[in-house]
Amino acid sequence: MRNVPHHILIKYSHLFRIISNTGPFKGPFRCKNLIELSTVYGQEWSRDLLVTNPGLKRLVWGGPYYRRIETLEQQQEWQLELTALMGLENLDVLKTSGFSLGEGIFVKVLRNNARLSNLALSTVEGVTSIEGLELPYLTELHIAFGGDESPALVDLVRCCPRLQKLSLTSSRTRSSGTTTPHATNSQLSSSN
């Protein structure tokens, strides 16, 4: 797509259903019927797509990781990003990494999308409690631990009565001298 003139992409962007990588083209996009979006934190064009596509079904979102949010401008940008994420309510698949949002926001995003069937989390920090969260339709859960772990993520299993596939991975050694398995995959079979 990098060889397609920008005016052509803009003209036909209302027909786009999936955006996974825009390369050097950052819009404007006139999409209102996206079903899938892959993006990273801090992209104004993708934040607009989160807001204008409430029917989004699949989202791959990379958070700020360890990027500090210090200036007033960064804080305002972060608030816009959070508002866009919390406005989503129809996701079926959510794959996120670098989600250091704190437990309240993390739980709210998941609660807003209780119909999720597939959830993949990597480098999620700051979640100490998921009390009251229920994901009754979730059948696949993938958690990759790294950095400072969020112990409550393991409790997600209890929130998912229909869970069929569970994948837990870690590539970090604990400071106490014991090692965390490099890759532990568990398959749960359906009881039906």
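The values are calculated or read from the model by the stated rules, or taken from the named source; none is laboratory data. Nothing here was measured: the structure is a model prediction, and the numbers come from that model. So basically every Cβ, Gly included, is an ideal-geometry build from the backbone, and we count neighbours across all protein chains shown. Keep in mind that these areas ignore ligands, DNA and RNA; they rest on the heavy atoms of the full protein, side chains included. Shrake-Rupley method; radii C 1.70, N 1.55, O 1.52, S 1.80 Å.
Tell me, which residue of the range 82-107 that is open to solvent by 20 Å² or more (accessible area, probe 1.4 Å) and either at pLDDT 85 or above or within 9 Å of the chain's Cα centre (by Cα) (or both) is nearest to Leu50 (Cα to Cα)? Top of the filtered list is Gly87.
The C-beta contact set for the range 1-18 (first residue over 23 Å from Gly55 (Cβ atoms) and free of Cβ contacts under 8 Å to residues at least 24 places away in the same chain, second residue assigned to a loop (DSSP other than H, G, I, E, B) and open to solvent by 60 Å² or more (accessible area, probe 1.4 Å), distance under 9 angstrom, 6+ apart or interchain) comprises Arg2/Pro24. Mind listing just one residue for me: the one in the range 123-163 that is hydroxyl-bearing (Ser, Thr, Tyr) and at pLDDT below 85 and, of those, most open to solvent (accessible area, probe 1.4 Å)? Looking at residues that are hydroxyl-bearing (Ser, Thr, Tyr) and at pLDDT below 85, I get Thr128. Answer with yes or no whether Ala114 is assigned to a strand (DSSP E or B) and on the phi < 0 side of the Ramachandran plot. No, not satisfied. Count of the range 28-53 residues, restricted to those that are assigned to a loop (DSSP other than H, G, I, E, B) and within 22 Å of the chain's Cα centre (by Cα), is 10.
Taken together, the residues in the range 153-165 that are of a type outside the set (A, V, I, L, M, F, W, C) and not in a loop (DSSP other than H, G, I, E, B) amount to 3. Considering each residue of the range 44-63 in turn, none proves to be among the aromatic types (Phe, Trp, Tyr), open to solvent by 90 Å² or more (accessible area, probe 1.4 Å) and modelled with pLDDT under 85.
Hey, any hits in the range 166-174 for a residue that's at pLDDT 90 or above, in a loop (DSSP other than H, G, I, E, B), among the polar types (S, T, N, Q) and under 20 Å from Leu94 (Cα atoms)? No. Considering the range 19-36, and only residues there that are free of Cβ contacts under 8 Å to residues at least 24 places away in the same chain and aliphatic (A, V, I, L, M), the residue that is least open to solvent (accessible area, probe 1.4 Å) turns out to be Leu34.
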